[in-house]
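Notes for the one structure printed next.
Here, each number is a calculation from the coordinates, and none is a lab measurement. Predicted model, so just to flag it, every value in this text is computed and none were measured. Note: ideal-geometry Cβ built from the backbone for every residue, glycine included; neighbour counts use all protein chains shown.
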Amino acid sequence: MKRRSIASQWIGHVTLLALGLFFVLPFYWLVTTSLKSDTEVFAVPPVWVPKDLLWGNFVKAVNYIPFFTFLKNTLIICGFSVLGAVTSSSLVAYSFSRIRWPGRDALFLVLLATMMLPGQVTLIPVFGIFRALGWIDTFLPLTAPHFLGSAFYIFMLRQFFMTIPMELSDAVRIDGGGEWDIFSRVILPLSRPALATVGLFTFIGSWNDFGGPLLYLNDERKATLSLGLQQFVSQHGAEWSLLMAASTLMTIPIIILFFFAQRTFIQGIAVSGIKG
Amino acid sequence: MKLSDTMRSKQGRRDLRNGLLFASPWLIHLAVLIAYPILSSFYYSLCNYDTLRPPRFIGLENYRILFTEDPLFYASLWNTFYMVVIGLPVGLFLSLGIALLMNQKLSGMAFYRTLYYLPSICPVVATSILWLWLLNPEMGLVNTMLGQIGVQGPGWLVAPEWAKPALILMGLWGAGGGMVIYLAALQDVPQQLYEAASLDGAGKIAQFRHVTLPMLSPVILFNLIMGLIGTFQYFTQAYVISRGSGGPQDSTLFYALHLFNVAFLDFRMGYACAMAWVLFLITLAASLAVFRSSARWVYYAGESR
């Protein structure tokens, strides 16, 4: 493509920045509201730059709700979910991509089909199973299923594993290695970026999940950040600076994670989205 | 000959054993968390089931009540269709539009990409609370800014006729999620295609119609199907902004929210299962319709796919 003229470059930048305001302004408002006094929060016309930055709002917010308990619960759930998703999905993806067995391809179609099934269909029986197991008000309904693999990540890893040349597997076989050796010594080390993507998406999924905790966690001391924050709205609906402070605290880790793992994100999206 | 046959079958058996072994986590998943629940959910949908007493078979009664006696069913269906028919296309167009803007050869692309993408990965509960504040009728930033230019802003999330448009606006803030997928596909379009097209005298618009759109169509289909499935299950945002009530005046009572309340507030589990099956059939029908139409508008570069 020809190099674009200076004028059209400028038009491009101005359009992108103007649209960008729509995406950035809410963030700015989130953070500044959390630093304002009540007078400034409700001031008309709106106060764009708070006069004094009330960092104390953050202290107040984390004391209003058992913030650190919620954080701990969320991190425990995220940690086990990531561990479960990465280990189980890679095992299953290995079976679907690098071992030939009768029925494999039919079963893989079933796996793809399950992605179309709305969760509501299985919701009530699954809830019944977990209740029968005595798992209500424990983290297990939110973590244990990840150890049984999830269709989307299995699909993603399978696509990735298929790009690894079969000759590498044969080399291990000639040396007398079995499937486990191939999996652990060849496939896993070569798949670090894909595994990182699975781990990252699982972490964010668990961090952001609301429906699961709402369903399974009734005890306030077991709540996650999502659930705790939602209950905070119900109790302190009008304390906007505190609500924004708590929301900011919940959002910041995701943003930090994004900046540390930007490449994993972008590559993962490219792989998962379309290269099917 | 005989020896190699037995060796092959031995290898075959080993492959089957290993294959099943490696796949076993998901096979358990399929049996316990999908197959069994599907069967029992269908059975429950034919039962009166309140979790305290064992399910009692009542035939198609739940479905009859659903279609003939439950106004909230139709209200929630209408609300959900509204999001599917208006919210989903608007979101898809915006994310495609931004991706096209971003695909120009501009400096600072990574910066813009981050800017647009970040909202889409933020916790839904946090962003819903943020928009609850931004769209507050009296004190929210949106209406105070509208007020400064002399426009009386609507009640947004507290006005029945504005609540869904407000949710759509809120959803547009997450359009960056679809954008990055479009962008990845746009960058995969071979440059030669554009060069060939411009040699044939195609202008910018013709290039877009005859090169960009066909090359993007599989991804548009992907985003459309995923969006369809997701929108039919729209829940968290509505739960947070209405505190689970689906208000004001049931204007944010979406299908999944109604189902959740029926199941876990009223403990009408059988009825909720019937609702779930109807949702499944609607999602399936809509997806199939899109897939069938896709033969006419989706272009696959590798014909053999």
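Mind jotting down the distance between the C-alpha centroids of the stretch A:117-184 and the stretch A:40-114, whole Å?
Result: 18 Å between the Cα centres.
Using a 7 Å offset from Cα along Cα-Cβ at A:Ile164, what residues in the stretch A:90-110 end up with backbone N under 14 Å from the label point?
Answer for this model: A:90-99.
Tell me, what HN-Hα J-couplings in whole Hz come from the Karplus equation 6.51 cos²θ - 1.76 cosθ + 1.60 at θ = phi - 60° for each residue of the stretch A:22-36, using x for Gly and Pro?
4, 8, 9, 4, x, 4, 4, 5, 4, 6, 5, 4, 5, 9, 9
Taking every pair of Cα atoms in chain B, average 1/r, invert it to obtain the Kirkwood radius, and report Rg/Rh to two decimals.
1.07
Given H placed on each backbone N at 1.01 Å, which residues far from B:Cys47 in sequence or on other chains put an amide H within less than 5 Å of it?
Here the answer is B:Ile58, since their amide H atoms fall under 5 Å of that of B:Cys47.
Sort all Cα-Cα distances of chain A into consecutive 5 angstrom bins from zero, then give the percent of pairs in each bin up to the one containing the longest distance.
Going from the shortest bin to the longest, the percentages are 1, 5, 9, 11, 13, 12, 12, 11, 9, 7, 5, 3, 1, 1, 0, 0.
Could you run the Karplus curve 6.51 cos²θ - 1.76 cosθ + 1.60 with θ = phi - 60° over the stretch A:213-223 and give me ³J(HN,Hα) per residue in whole Hz, x for Gly and Pro?
3J(HN,Hα) across the stretch A:213-223, in whole Hz: x, 4, 6, 9, 10, 9, 5, 4, 6, 9, 5.
Rank A:Pro45, A:Phe68, B:Thr114 by how far each Cα sits towards the positive end of the charge dipole of the protein assembly as shown (+1 on Lys, Arg Cβ; -1 on Asp, Glu Cβ) and give me just the farthest.
Final value for the positive-end residue is B:Thr114.
For chain A, what relative contact order do you get, as a whole percent, if you take Cα pairs closer than 8 Å and at least 6 residues apart? Mind showing how you got there, number by number?
On the way: 238 pairs, mean separation 87.8, N = 276.
Contact order relative to length: 32 percent.
Running a GNM on chain B with Cα contacts under 10 Å, which residue among B:Ile58, B:Ile98, B:Ile168 ends up with the highest mean-square fluctuation?
B:Ile58
Counting only other residues whose beta carbon sits under 10 Å from that of A:Ile99, what net charge do I get with K and R as +1, D and E as -1?
+3
If you add up the charges near A:Arg131, with Lys and Arg at +1 and Asp and Glu at -1, over every other residue whose beta carbon is less than 14 angstrom from its beta carbon, what do you get?
-2
Per residue, how much space in cubic angstrom lies within the convex hull of the C-alpha atoms of the protein assembly as shown?
Values: hull volume 112.9 nm³, N = 581.
Normalising the Cα hull of the protein assembly as shown by residue number yields 194 Å³.
Counting only pairs 8 or more residues apart or on different chains, how many lysine pairs in the protein assembly as shown have their Cα atoms under 28 Å apart?
The result is 13.
Of all chymotrypsin sites (Phe, Trp or Tyr not before Pro) in the stretch A:1-103, which ones are in loop regions per DSSP and have a Cβ with at most 12 other Cβ atoms within 10 Å?
When the chymotrypsin sites (Phe, Trp or Tyr not before Pro) of the stretch A:1-103 are filtered for loop state and at most 12 Cβ neighbours within 10 Å, A:Trp48, A:Trp55 remain.
Considering chain A as a Gaussian network with a 10 Å cut-off on Cα pairs, which listed residue, A:Ala171, A:Ala61, A:Ala246, attains the greatest mean-square fluctuation?
A:Ala171
Around A:Ser169, what is the net charge, scoring Lys/Arg as +1 and Asp/Glu as -1 over all other residues with Cβ under 13 Å from its Cβ?
-2
If you count, for every residue in B:34-40, the Cβ atoms of partner chains within 10 Å of its Cβ, what is the mean?
6
Select from chain B the helices, each a whole stretch of DSSP H, whose alpha-carbon atoms run 30 Å or more along the helix axis and whose Kyte-Doolittle mean is at least 1.0; answer none if there are none. Intermediate results must be reported in sequence, preceding the final value.
Values: long enough: B:2-28 (37 Å, -0.60); B:269-297 (41 Å, 1.28).
Taking the DSSP H segments of chain B (at least 30 Å long, mean hydropathy at least 1.0), we get B:269-297.
Might you report the magnitude of the Cβ-based charge dipole of the stretch B:2-44 about its Cα centre, with Lys and Arg at +1 and Asp and Glu at -1, to the nearest 20 debye?
On the way: 6 positive and 2 negative charges, 69 e Å.
Charge dipole, the stretch B:2-44, about its Cα centre: 340 debye, nearest 20.
Taking a ≥ b ≥ c as the square roots of the eigenvalues of the Cα gyration tensor of the stretch A:1-106, is the shape rounded (a/c under 1.5), prolate (a/b larger than b/c) or oblate?
Oblate, because a/c is 1.5 or more while a/b does not exceed b/c.
Would you tell me the mean number of C-beta atoms belonging to other protein chains that fall within 10 Å of each C-beta in B:260-271, as a whole number?
Partner-chain Cβ atoms within 10 Å, mean over residues of B:260-271: 2.
For the stretch B:2-44, how big is Rg over Rh, using alpha carbon atoms and the Kirkwood form of Rh?
On the Cα set of the stretch B:2-44, Rg over Rh gives 1.35.
For chain B, the longest stretch holding no GluC sites (Glu not before Pro) located in a DSSP loop with at most 13 other Cβ atoms within 10 Å is which? Before the final figure, lay out the partial values.
Numbers: sites that count: B:Glu138, B:Glu161, B:Glu303.
For GluC sites (Glu not before Pro) (loop position, at most 13 other Cβ atoms within 10 Å), the longest site-free span of chain B is B:162-302.
Sort A:133-144, B:73-84 by the packing proxy (mean of other Cβ within 10 Å over each peptide's residues), most packed first.
B:73-84, A:133-144
Among B:His29, A:His236, which comes first, second and so on when ranked by fewest other beta-carbon atoms within 10 Å?
The most exposed by this proxy come first: A:His236, B:His29.
For A:Leu21 and A:Phe259, what is the calculated FRET efficiency with R₀ set at 25 Å and r taken between the beta-carbons, to the nearest 0.05?
So the FRET efficiency works out to roughly 0.75.
Compute the distance from the alpha-carbon center of the stretch B:249-305 to that of the stretch B:177-192, in whole Å.
The two parts, judged by their Cα centres, are 28 Å apart.
Taking Cα centroids, how far is the stretch B:71-109 from the stretch A:237-254 in Å?
26 Å
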